[in-house]
Structure formats: C-alpha cells, structure tokens
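Derivation of every value follows stated rules applied to the coordinates shown; laboratory data play no part. No experiment lies behind these values; they were computed from the predicted model shown. So basically every Cβ, Gly included, is an ideal-geometry build from the backbone, and we count neighbours across all protein chains shown.
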Amino acid sequence: MDPIYKALIVCTNHTDYPTKSHKTGLWLSEATHFYDELADRKLPYDIASPNGGRVPIDEKSIDRRDTINEKWYNDPTFRHKLEHSIRLDDVNPADYQIVYFTGGHGTMWDFPDNPTLQAITRQIYENGGFVAAVCHGVSGLLNVKLSDGTTLIDNRQVTGFSNMEEKLARLDDQVPFLLEDALRQKNALYSKGILPFLPYIEVDERLVTGQNPLSARKVGRKVMEEMYEK
C-alpha cells in the first residue's frame with residue numbers, strides 16, 4: 001500500500017499593484033492544476049497563506065474555458081480551503097511531506113521575506129520532504145536557508161517566471177524586482193524554456209520548480225512521480 005503523504009499549498013494574500021487598477025492575487029490554475037495531480041492519488045492537503053483567511057484570486061486568471069479551474073473552484077472542499085486558508089504561523093511543518101508555492105504576482109510582495117514560510121520550507125525539506133514552486137511563487141525560495149547556513153537554491157537547478165515573460169505581460173514596471181535576475185543573484189542555476197509561456201520545469205533532487213502558469217501541472221506530476229518512486 002502507498003504511504004499517505006500530505007501537501008501544504010501556499011498562496012498569497014497580496015492584491016495591489018503600485019499603479020495598476022486591476023488586482024492581483026493567486027493565479028488560480030497554479031493551484032488547481034497542481035492539485036489535480038495530487039487528487040489522482042487522493043492526497044490530503046491544506047491551503048495556507050501568510051495572513052490566513054480568504055485567498056484573493058487574480059481576476060485575469062479566472063478562465064471559464066479552463067475545465068480544471070471550473071472543477072476545483074466549484075468544489076466545495078477546495079473552495080472552502082481557499083476562502084479559509086490556514087495562517088502560516090499556525091502551520092505545523094511536521095504534518096507535511098510536500099510544500100508547494102503557488103504563484104500570481106502577489107507572491108512577489110509577501111513571499112520572499114517571510115520568516116515563517118522560510119522556516120516551514122526548511123523543516124519540510126530537512127525532514128526529507130519535497131519543496132515545489134511555480135511561476136512567481138518561486139520568489140518564496142529566494143531567502144530560504146538550511147540549518148547549516150547555506151541557501152536552499154544555491155547552485156541548484158531552478159526556473160521561475162522569466163524577464164521576457166514579465167515584459168510580455170507588461171508588468172515588469174510593477175513588480176518589486178525581476179524574479180529571473182533575483183534567482184541568478186542568489187547563485188541559483190536558472191534556466192528557462194526556449195519559448196515564453198510554455199510548460200517548463202526544473203528538478204534538482206527534492207526541489208521542483210516551474211516557469212509559468214502552464215507549468216503547474218507538470219510540477220505536480222513530477223512531485224508525485226519522485227515521491228512515489230522513492
């Protein structure tokens with residue numbers, strides 16, 4: 001019988017751009033497509049955020065043609081977890097074998113310098129668990145340090161939302177920093193797909209990252225493959 005693992009899906013609470021009128025938040029498919037892979041294994045999961053409570057959804061990410069978004073956004077349990085997320089301070093990292101950072105531009109403000117998120121990530125990773133992130137959620141990995149003082153992503157293969165994608169999205173003047181540049185500055189071995197906005201992931205042992213929204217499913221699938229092959 002397969003062991004029962006549990007996943008912690010981390011989402012942003014931040015909604016405001018500096019000058020844009022529309023709101024940011026979670027990019028919905030980065031939660032739903034990842035979870036859809038876990039659901040096949042019937043994995044238990046929790047959704048958490050820095051402040052707890054309702055997870056804001058980027059209005060541009062609610063795509064009615066996306067059947068997976070429709071499926072899970074209208075699922076009572078999933079929706080309840082999104083609207084009543086656990087505060088990071090109330091999370092017990094020992095309960096989880098997977099931590100996954102969803103994206104959406106909001107994460108660029110409330111993920112990188114969150115000490116609780118860093119501590120949760122360190123403990124899950126050092127307990128032999130998996131750390132995964134997609135798109136702007138990869139910003140949550142920038143300042144994670146392990147118990148020996150080294151940075152988690154130092155000299156590790158990672159990807160995340162690219163400078164080109166940020167420019168094409170016309171939001172490069174809104175974000176507090178460019179994620180690709182920040183990852184390189186942290187000595188991560190950053191790579192990206194040849195074409196923007198197509199699925200691309202990097203795997204470095206128990207660290208799995210995806211470049212953009214379309215990569216979320218591949219991240220989930222890869223985490224499941226690696227976890228159940230151990």
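Can you return the lysines within cross-link range of residue 192? Criterion is Cα-Cα under 18 Å, with same-chain partners fewer than 8 residues away left out.
167, 218, 222
Could you pull out every residue, at least 5 positions away or on a different chain, whose amide H is within less than 5 Å of the one on residue 17? Hs are placed 1.01 Å off N in the peptide plane, and Pro or chain starts have none.
24
At a Cα cut-off below 12 Å, give the aspartates and glutamates reachable from residue 145, other chains included and same-chain residues fewer than 8 away excluded.
113, 126, 154
For the chain, just say rounded, prolate or oblate: build the C-alpha gyration tensor, square-root its eigenvalues into a ≥ b ≥ c, call rounded for a/c under 1.5, and beyond that prolate if a/b exceeds b/c, oblate if not.
rounded
What residues have an amide H closer than 5 Å to that of residue 130, excluding those fewer than 5 places away on the same chain, when H is modeled at 1.01 Å from N in the peptide plane?
98, 99
Within the range 45-77, report the trypsin sites (Lys or Arg not before Pro) that DSSP leaves as loop and that have at most 16 other Cβ atoms within 10 Å.
54, 64, 65
Looking at the range 124-230, which GluC sites (Glu not before Pro) are in a loop (DSSP not H, G, I, E or B) and have at most 16 other Cβ atoms within 10 Å?
205
From the phi angles alone, apply the Karplus equation (6.51, -1.76, 1.60; θ = phi - 60°) to the range 93-100 and give each ³J(HN,Hα) in whole Hz, x where the residue is Gly or Pro.
With the stated coefficients, the range 93-100 comes to x, 5, 7, 10, 10, 9, 10, 10 Hz.
Please go through the residue pairs 6/71; 81/186; 60/81; 6/81 and name each one whose alpha carbons sit more than 23 Å apart in this structure.
Beyond 23 Å: 81/186.
Mind ranking 38-49, 23-34, 83-94 by how tightly packed they are, going by the mean number of other C-beta atoms within 10 angstrom, highest first?
23-34, 38-49, 83-94
List, in order, the whole-Hz ³J(HN,Hα) value for each residue of the range 45-59 obtained from phi through the Karplus relation with A = 6.51, B = -1.76, C = 1.60 and θ = phi - 60°; use x for Gly and Pro.
Listing the rounded values in order: 8, 10, 10, 10, 8, x, 9, x, x, 5, 8, x, 9, 4, 4 Hz.
Can you give me the distance in nm between label points at residue 87 and residue 150, each placed 7 Å from the Cα along the Cα-to-Cβ direction?
In this crude spin-label approximation the distance works out to 3.5 nm.
Quick check on packing: order 185-198, 129-142, 6-19, 101-114 by the mean number of other C-beta atoms within 10 Å, highest mean leading.
129-142, 101-114, 6-19, 185-198
What list of ³J(HN,Hα) values in whole Hz, one per residue of the range 199-214 in order, does the Karplus curve 6.51 cos²θ - 1.76 cosθ + 1.60 (θ = phi - 60°) give from phi, with Gly and Pro shown as x?
Per residue, the Karplus-derived 3J(HN,Hα) values read x, 7, 10, 10, 10, 10, 6, 9, 10, 10, 10, x, 7, 7, x, 5 Hz.
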